[in-house]
Amino acid sequence: MHDRLAALYPAHLASVCRHAEQALARGGFDHLLIAAGMPGVKFLDDNHYPYAVSPPFKHWLPLIHAPGSWIAYTPGRKPKLVFLQPRDYWHVVPDAPAGYWVDGFEIVVVRTAEEAVAELPQGHGATIAEPAAAVAGIEPNNPRAVLDYLHYHRACKTPYELELMRSANRIGTRAHRAAAQAFRDGASELGIHQAYLAAAGQIDAELPYSSIVALNEHGAVLHYMDFTRQSPARARSLLIDAGASASGYASDITRTHAATDAGEFQALIDAMDANQQSQVAMVRSGRSYIDLHLHAHRQLATLLKEHGFIRMEPESAVESGVTRAFFPHGLGHSIGLQVHDVGGFAKNDRGDSVPRPDGHPFLRMTRTLEPGMVVTIEPGLYFIEMLLAELRDQPLAKDIDWNKVEAFKQYGGIRIEDDVACTDDAPENLTRDAFAAA
């Protein structure tokens, strides 16, 4: 793995430098400064939130524990890393930079923020940083023209980035297997989550997002993060949406499991899995992600009719909004340095965007697919009382088998999610490949 990354990294860094140069020219700037960021301070307290490195910073190099550090790039020069290694006996001081990537940078180690500023180029620069990263003499300006350009092109991953995302999926699938076993062993939501962390070898703060571990009815809460401490009297289902990180790159994986006596609910999971795999196969260069999302709704409508939840024709279920009550979120999103990565709505690198289709306000991706993009494909089927209640008050309610809907509310819902890379040919399913290898 290390040798593979070492071989791929120089081309990745060259690509990042090239896009930075073009972005600076677009915005009319001489330099690019990127802050690694600082941990935020809790309100009315002297404790900090867990540190998370800035995504633009870790795009350049696999350095995820470097608070207070900076990257400086001037076109035509070697990129510079100003690495903050403070004198500190309260916290662990970051080790000096080492690894396959260091030859790509001029590296300067400093002890204070003031020393860091002195090492940064002066003049007309684009400074990408959060407000907390500001230091005397350097103020973030986050120019829109530069960010629009960088975000658009960041959506297409280099071979180096894809290798790290494969690694993140291998870690995530290993942890998902442990979580599934904990569910079968009767663990609580917290116990399942702890099994996941142990198998991943990562703490909560290192995961790309807060895990969703939902037993039974809790699967109907899309972002359920409460972690009950006691196991339910009967665990009927588990919906787990959890990822892992590899040098700052994310995986995002969801699986739904049924108890051995769940009967038709397992059949529903199998049908949703078949639909999801057919949607994965549609991740092709030149196809609009909106088309994939709308196709997922048509497939769900057919499934709902075949399993007796609705009596209307599938076309009517989509057009009337019935499927949106059972599947209210988007089919997926771009993923990479962030779990919901940038550039998902971009029409071009000048800031124009592709709007969401009417009636689908929560879709996180509208872009046309290109080779190198990595997206999630995560169709869902949920029994959410608030949304179902809205259907009950409509004339079309007569075409819904409400007794059957009520019987399935005890399972919460189903979501199945893979990370999929668009290529010049057939898509690469990073998640299924990782499960198969395990």
To the nearest Å², the heavy-atom accessible area per residue of the chain with 1.4 Å probe amounts to 44 Å²
Over the range 230-289, what is the mean sequence separation of C-alpha contacts under 8 Å (at least six apart), divided by residue count, expressed as relative contact order in percent?
-> 24 percent
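Using Cα-Cα distances under 8 Å and only pairs 6 or more residues apart, what relative contact order does the chain have, in percent? Could the numbers behind the result be given before it?
Details: 874 pairs, mean separation 68.2, N = 438.
Once divided by the residue count of the chain, the mean separation gives 16 percent.
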So which aspartates and glutamates pass the test for Lys347, namely a Cα distance under 15 Å, with those fewer than 8 places away in the same chain ruled out?
-> Asp148, Glu370
Taking 0.36 nm per intervening residue step and subtracting the Cα-Cα distance, what contour gain separates Ala7 from Ala389 on full extension?
-> 131.9 nm
Considering only protein heavy atoms and a 1.4 Å probe, what is the carbon-and-sulfur percentage of the accessible area of the chain?
-> 52 percent
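Quote the FRET efficiency, to the nearest 0.05, computed for Ala274 versus Glu119 with a Förster distance R0 of 51 Å and r equal to the Cβ-Cβ distance. Don't skip to the end; give the middle numbers.
Numbers: r = 56 Å, r/R0 = 1.11.
The pair Ala274/Glu119 has a calculated efficiency of 0.35.
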Amide hydrogen neighbours beyond the local backbone of Ile107, cut-off 5 Å, H modeled = Leu81
Principal axis dimensions, largest first and in whole angstrom, of the range 38-172 by Cα = 40, 40, 32
List the residues of the range 308-333 whose backbone N lies under 13 Å from a point placed 7 Å from the Cα of Ala267 along the Cα-to-Cβ direction.
-> 308-309
Tell me the label-point distance for the pair Ile107, Ala426, using the 7 Å Cα-to-Cβ offset, in nm and rounded to one decimal.
-> 4.2 nm
Per residue, the convex hull enclosing the Cα atoms of the range 182-327 spans a volume in Å³ of 134 Å³
Expressed as a whole number of Å, what is the distance separating the alpha-carbon centroids of the range 1-54 and the range 267-292?
-> 33 Å
Ala438 to Arg287: FRET efficiency via 1/(1 + (r/R0)^6), r the Cβ-Cβ distance, R0 22 Å, to the nearest 0.05?
-> 0.15
Candidates per trypsin sites (Lys or Arg not before Pro) in the range 317-401, loop by DSSP, up to 13 other Cβ within 10 Å = Arg350
How much of Asp103 can a 1.4 Å solvent probe reach, expressed as accessible area in Å² and rounded to 10?
-> 130 Å²
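Write down Rg/Rh for the range 177-253, rounded to two decimals, with Rg from the C-alpha atoms and Rh from the Kirkwood relation over Cα pairs. Don't skip to the answer; put the middle values down first.
Values: Rg = 12.0 Å, Rh = 12.5 Å.
When Rh is taken as the Kirkwood radius, the ratio is 0.96.
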Calculated FRET value between Lys409 and Asn348, using beta carbons and R₀ = 41 Å, to 0.05 | 0.40
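Show me the trypsin sites (Lys or Arg not before Pro) within the range 1-109 that DSSP assigns to loop and that have at most 16 other Cβ atoms within 10 Å of their Cβ.
Working: sites: Arg4, Arg18, Arg26, Lys42, Lys58, Arg77, Lys80, Arg87; in loops: Lys42, Arg77, Arg87.
Loop-located and lightly packed - Lys42, Arg77, Arg87.
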Note to self, the chain gives a 222 nm [θ] from helices alone (DSSP H runs n ≥ 4, -39500 (n - 2.57) apiece, / all residues, nearest 500) of -11000 deg cm²/dmol
Given the alpha-carbon gyration tensor of the chain, what are the semi-axes of its equivalent ellipsoid in whole angstrom, ordered largest first, with each equal to the square root of 5 times an eigenvalue?
-> 42, 25, 19
Residue by residue through the range 340-354, the couplings from Karplus 6.51 cos²θ - 1.76 cosθ + 1.60 with θ = phi - 60°, in Hz, x for Gly and Pro, are 9, 6, 6, x, x, 10, 6, 8, 7, 8, 10, x, 6, 10, 9
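The values are calculated or read from the model by the stated rules, or taken from the named source; none is laboratory data. Keep in mind that what you see is a predicted model, and the values were worked out from it rather than measured. No Cβ is skipped: glycine too gets one built from the backbone with ideal geometry, and neighbour counts run over all protein chains shown. Heads up: the accessible areas ignore ligands, DNA and RNA and are worked out on the full protein's heavy atoms, side chains in. Shrake-Rupley method; radii C 1.70, N 1.55, O 1.52, S 1.80 Å.
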